[in-house]
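Here is the structure we will look at.
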Amino acid sequence: MVRSRAEAVLPLDVSPSGVDVIDRVVAILLAFRTGDPPLTLTEIANRTGLYKSTVLRLTAALGHHHLLTRSSDGRYQLGILNYSIGKRYESNLNIGDVLLPLMRDLNEKLGETVAFHIRSGNVRVCLFRIDSRFSVRADVKPGDIQQLERGAGGRVLLAFCGQTGDPYEAIRNDHCYLSMGERDAETAGVSAPVFGPMQELIGAVGIVTPITRMTADQADPFTVSVLDTAARATARLGGDNTGMLAALARRQ
């Protein structure tokens, strides 16, 4: 099928609404990626698949509403209203309402204990947990305090808080970490990061299981499922899941 340049090119995880002007506006806003310098009109047109004349008209309207700003050299960047909306969204958000249904889905699919950890100073704390459906299970409870330097969740939190060296560079590239017997010789786990607005690290979601049920050779389907859950959670919490989707594509 030949795509008309009047039809906006949306990211793979965003489906068209059927209201063309909204789809075009969303495509323009999503053309700005984390870490990007300001974009030219041509770059926005190339990323969205829209005519330059359409982009020019819509960017002027977005600028009027402070969703975009235009610098003196003619380049565009996201405007302050995006930050204001993001902070309002964040203040009204109960992350449990987003995370717990996704964690239950992951538990239903894999049967294993699913846990969500946040960083608190130099330790990590289990905020949410869904019990394994197996009688033999890894024991993780909400409120449990664990080390950051051992186990999948802690390693992921350190990696995306800027820890340097091995294995943290690889974790940032893979957007996940597989732990085999680190925290406990009889348990294994895999975790991935969850981000919110402004790409703030919220925590790490993952599974923990007896090592007999997830050896290194058996881990890839578990990892794919955890990555998928983290990507969905990040999208619903207002973060950028591009890196996780790319990591997923490399594994599938």
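Kindly check whether there is at least one residue in segment 184-192 that is crowded, with 21+ Cβ neighbours inside 10 Å, free of Cβ contacts under 8 Å to residues at least 40 places away in the same chain and not in a helix (DSSP H, G or I).
For segment 184-192, residues crowded, with 21+ Cβ neighbours inside 10 Å, free of Cβ contacts under 8 Å to residues at least 40 places away in the same chain and not in a helix (DSSP H, G or I): present.
In this structure, is L237 over 19 Å from R119 (Cβ atoms), aliphatic (A, V, I, L, M), touching a residue at least 12 places away in the same chain (Cβ under 8 Å) and not assigned by TED's automatic domain parsing to the domain that holds G35? Considered against the rule, which asks whether it is over 19 Å from R119 (Cβ atoms), aliphatic (A, V, I, L, M), touching a residue at least 12 places away in the same chain (Cβ under 8 Å) and not assigned by TED's automatic domain parsing to the domain that holds G35, L237 comes out as no.
Given the criteria of a type in the set (D, E, K, R) and more than 11 Å from the chain's Cα centre (by Cα), does E200 qualify? It is false that E200 is of a type in the set (D, E, K, R) and more than 11 Å from the chain's Cα centre (by Cα). Checking each residue in segment 97-112 for being under 14 Å from T229 (Cα atoms) and of a type outside the set (D, E) picks out V98, L99, L100, P101, L102, M103, R104, L106, N107, K109, L110.
Residue-level check: of (1) modelled with pLDDT of 95 or more; (2) in contact with a Cys (Cβ under 9 Å, 6 or more places away or on another chain), A204 misses just (2). Determine whether segment 162-171 contains at least one residue that is touching a Lys or Arg at 6+ places or on another chain (Cβ under 8 Å) and at pLDDT 95 or above. Taking every residue of segment 162-171 in turn, at least one turns out to be touching a Lys or Arg at 6+ places or on another chain (Cβ under 8 Å) and at pLDDT 95 or above. Beta carbons closer than 7 Å, at least 6 apart along the sequence or on distinct chains, pair a first residue in segment 158-180 that is assigned to a strand (DSSP E or B) with a second that is hydroxyl-bearing (S, T, Y) for Y177/S191; L178/T223.
One residue alone among K109, K52 is closer than 30 Å to E149 by Cα and at pLDDT 90 or above, and that residue is K109.
Every residue, every condition in (1) in the same structural domain as V205 (by TED's automatic domain parsing); (2) surrounded by 13 or more Cβ atoms within 10 Å (Cβ to Cβ); (3) in a strand (DSSP E or B), yes or no:
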position	(1), (2), (3)
V25	no, yes, no
T54	no, yes, no
L62	no, yes, no
D73	no, no, no
G86	no, yes, no
R119	yes, yes, yes
C126	yes, yes, yes
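Of all residues being of a type outside the set (V, I, T) and in a helix (DSSP H, G or I) in segment 143-157, which is farthest from M214 (Cα to Cα)? Just the residue, please. Only one residue fits best here, namely L157. Within segment 86-98, residues that are at pLDDT below 70 have Cβ atoms under 6 Å from residues that are surrounded by 10 or more Cβ atoms within 10 Å (Cβ to Cβ) and not hydrophobic (A, V, I, L, M, F, W, C) in these pairs: Y89/G238; E90/P197, counting only partners at least 6 apart in sequence or on another chain.
Selection within segment 27-49: residues that are assigned to a helix (DSSP H, G or I) and closer than 18 Å to T234 by Cβ. The member of this set that is farthest from the chain's Cα centre (by Cα) is L29. When A138 is tested against the conditions (1) of a type in the set (A, V, I, L, M, F, W, C); (2) at pLDDT below 85; (3) surrounded by fewer than 20 Cβ atoms within 10 Å (Cβ to Cβ), the lone failure is (3). Scanning segment 204-228 for residues that are buried (at least 24 other Cβ atoms within 10 Å of the Cβ) and over 13 Å from G189 (Cβ atoms) returns a single hit, L227. Of all residues in segment 40-52, those satisfying the criterion of being surrounded by 13 or more Cβ atoms within 10 Å (Cβ to Cβ) and either of a type outside the set (A, V, I, L, M, F, W, C) or over 14 Å from R70 (Cβ atoms) (or both) are T40, E43, A45, N46, R47, T48, G49, L50, Y51, K52.
The values are calculated or read from the model by the stated rules, or taken from the named source; none is laboratory data. Computed from a predicted structure; not experimentally measured. A quick note on method: Cβ atoms are made from the backbone with ideal geometry, for glycine too, and the neighbour counts reach across all protein chains shown.
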